[in-house]
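Each remark here refers to the structure printed beneath this line.
The values are calculated or read from the model by the stated rules, or taken from the named source; none is laboratory data. Bear in mind that the values here come from a model prediction, so they are computed numbers and not experimental data. Note that we place each Cβ from the backbone using ideal geometry, even for glycine, and neighbour counts take in every protein chain shown. For accessibility, only protein heavy atoms count, side chains too; no ligands or nucleic acids. Shrake-Rupley method; radii C 1.70, N 1.55, O 1.52, S 1.80 Å.
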Amino acid sequence: VGGMAPVVGAGAGNEGFRIMRHCLVGGVVALALFALPATAQTTLTLGLYGGSFEKAMREVVVPAFQKQHKVEFKFVAGNSTDTLARLHAQKAKQEMDVVFLDDGVMFQSVALGFCAPLADGPVYKELYEIAHIPGNKAVAAGFVATGITYNKKYFADKGWPAPTSWHDIGDAKYKKLLALSPITGTYGLHVLVMLARVNGGSETAIEPGFKAMQTVGPNVLTFPPSPAKMSEAMQAGDVVISIWGSGRTVALANTGFPVEFVYPKEGAVALMVGVCPVVKPDASELAQKFIQFNLMPEIQAVMAKEQGFGPVNRNTKLDPDVAKQVPYGPEQIAKLIAVDWNVINKEREGWTKRWQREVEK
């Protein structure tokens, strides 16, 4: 999410994947889902986030799906803007069959005609209303919250309290200890919008956000170009606080690294992981089945545990220790802040140029 990418390390996360492979590939989910006849061998190409997300797809979700369908998979990893760029470049002959994108980029992809209509399926009736992206050409596969990620051990060693507010990233004690995603990524956009909101502005009045960055800027050591680089910076100890996703934080914490996610008191931003079938003349019906497979409660529970994705399927049941780490249930989902992507996408190019000129100079 926000350009998903690798989390460095092993440990608890690998054990989680071993257990999931035993459960899912062994047949627990395969028997419960899509008891349909196998089709002729084909290949599906996924445009998806890299790192821990790709790992979960390769090692857990895809093998479970292959238990019921004769299909090979290819993986084209990259952040959301990379994937959108590929859709543009391959418009005459699309390589990808299914793409996973941050919600803002997904709205663009739908508007640009890259997403095909979703086929009917009973699973769609089990989703929260917010998961249905207008136009019925894409759907949310998970909820992630954008908030504050910090190094618990470093803070404890310093005797610092945990951050609680969007305003905290401007605290001078974090000088050269803060990492922010570039404005080209969703997390970077969320920083600008939320700094505007908590300082009296909004998506339609962004100036307070840029003004706040004059205070925040001296604290920024780096603008990692991908979540992989963000993970590396956190693990190396170069930075100890960042604005990041709850899912990314869970994935990093699963390696044993001492990070924790904070929902700021002013609210965390709702970031939906969208998925859509790509428009192409030779589209496979398995693309539609694979999207529906990802929405089933069992798969939703897997992605909640290993990726920190809040389930979009109302029927998903999570263990308490997982539920407390992700946006979960109607009450909590209702409290997430939804940004106005219609405004953002219209202004994005101008904001990007200004950010690169004034902030990442």
Suppose we keep only residues that are surrounded by fewer than 24 Cβ atoms within 10 Å (Cβ to Cβ) and of a type in the set (Ser, Thr, Tyr) within segment 174-188. Which one would you say is nearest to the chain's Cα centre (by Cα)? Thr184
All positions within segment 78-92 that are in contact (Cβ under 8 Å) with a residue 40 or more places away in the chain and either open to solvent by less than 30 Å² (accessible area, probe 1.4 Å) or not hydroxyl-bearing (Ser, Thr, Tyr) (or both): Gly78, Asn79, Ser80, Asp82, Leu87
Determine if segment 121-132 includes at least one residue that is touching a His at 6+ places or on another chain (Cβ under 9 Å), farther than 20 Å from Pro224 by Cα and assigned to a loop (DSSP other than H, G, I, E, B). no
For segment 281-304, which positions are of a type in the set (Asp, Glu) and over 24 Å from Asp319 (Cβ atoms)? Asp282, Glu285
Can you pull out the helices (runs of 4 or more DSSP H) entirely within segment 301-361 that have at least 3 residues that are open to solvent by 80 Å² or more (accessible area, probe 1.4 Å)? 329-335, 341-358
I want to confirm something. Restricting to segment 55-72 and keeping residues that are open to solvent by 10 Å² or more (accessible area, probe 1.4 Å), within 26 Å of Leu252 (Cα to Cα) and in contact (Cβ under 8 Å) with a residue 24 or more places away in the chain, which single residue is farthest from the chain's Cα centre (by Cα)? Pro63
When residues of segment 268-289 are limited to those that are out of contact with any Gly (no Cβ under 9 Å at 6 or more places or on another chain) and part of a loop (DSSP other than H, G, I, E, B), the one surrounded by the fewest Cβ atoms within 10 Å (Cβ to Cβ): Pro281
Working carefully through the options Ala141, Ala156, find the one that is among the small types (Gly, Ala, Ser), in a helix (DSSP H, G or I) and either at pLDDT 95 or above or farther than 19 Å from Val278 by Cβ (or both). Ala156
Which of the residues belonging to segment 190-209 are of a type in the set (A, V, I, L, M, F, W, C) and open to solvent by 10 Å² or more (accessible area, probe 1.4 Å)? Val198, Ala205, Ile206
Qualifying residues in segment 120-138 (those that are at pLDDT 95 or above, open to solvent by 10 Å² or more (accessible area, probe 1.4 Å) and touching a strand residue (DSSP E or B) at 6+ places or on another chain (Cβ under 8 Å)) - the one nearest to Lys335 (Cα to Cα): Glu126
Enumeration of residues in segment 223-255 that are surrounded by fewer than 22 Cβ atoms within 10 Å (Cβ to Cβ) and of a type in the set (D, E, K, R): Lys229, Glu232, Asp238
If I filter segment 211-222 for residues that are without any contact (Cβ under 8 Å) to a residue 40 or more places away in the chain, within 30 Å of Pro311 (Cβ to Cβ) and either surrounded by fewer than 22 Cβ atoms within 10 Å (Cβ to Cβ) or not polar (S, T, N, Q) (or both), do I get at least one hit? no
